[in-house]
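This report concerns only the one structure given below.
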Amino acid sequence: MSEHSVNGYTISVTHVESLGSTWIVRVSRKLFLFRRTISSDWFLDKKQALLFAEQTAARLGSGKDAALLRSRKPGWVLDAPEH
């Protein structure tokens, strides 16, 4: 398991052996005594999970809030490609 903190948010990448090849990326924020989960995304590949975690850390580190993580449609891409 890997954890990284950015501007009050915690990004954790977890691989659970009992779930097969599943990788889970969770973004949470600590509020007083509790930890609130903002986003929980599941991946079948370590490379995709780490890429998503890096993109999320960069976005949160640039001062943007987690509104996009809460409101986006399912899928592991943070920003929709421009057409």
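The values are calculated or read from the model by the stated rules, or taken from the named source; none is laboratory data. Predicted, not measured: the structure shown is a model, and the values here were computed from it. No Cβ is skipped: glycine too gets one built from the backbone with ideal geometry, and neighbour counts run over all protein chains shown.
Reported count of residues in the range 47-58, each being out of contact with any strand residue (DSSP E or B) (no Cβ under 7 Å at 6 or more places or on another chain), of a type outside the set (A, V, I, L, M, F, W, C) and either under 15 Å from Arg26 (Cβ atoms) or surrounded by 14 or more Cβ atoms within 10 Å (Cβ to Cβ) (or both), is 3.
On the basis of being of a type in the set (Val, Ile, Thr), in a helix (DSSP H, G or I) and at pLDDT below 90, does Thr56 make the cut? Yes, satisfied.
Per the listing Val16, Val77, the residue uniquely more than 10 Å from the chain's Cα centre (by Cα), among the hydrophobic types (A, V, I, L, M, F, W, C) and at pLDDT 80 or above is Val16. Output yes when any residue across the range 4-14 is in contact (Cβ under 8 Å) with a residue 24 or more places away in the chain, surrounded by 15 or more Cβ atoms within 10 Å (Cβ to Cβ), part of a strand (DSSP E or B) and touching a Leu at 6+ places or on another chain (Cβ under 6 Å), and no when none is. The answer is yes; a qualifying residue exists. The residues in the range 59-70 that are part of a loop (DSSP other than H, G, I, E, B) and either surrounded by 18 or more Cβ atoms within 10 Å (Cβ to Cβ) or among the basic types (Lys, Arg) (or both) can be counted, and the count is 2. A residue that is surrounded by 14 or more Cβ atoms within 10 Å (Cβ to Cβ) and over 19 Å from Arg72 (Cβ atoms) cannot be found anywhere in the range 24-46.
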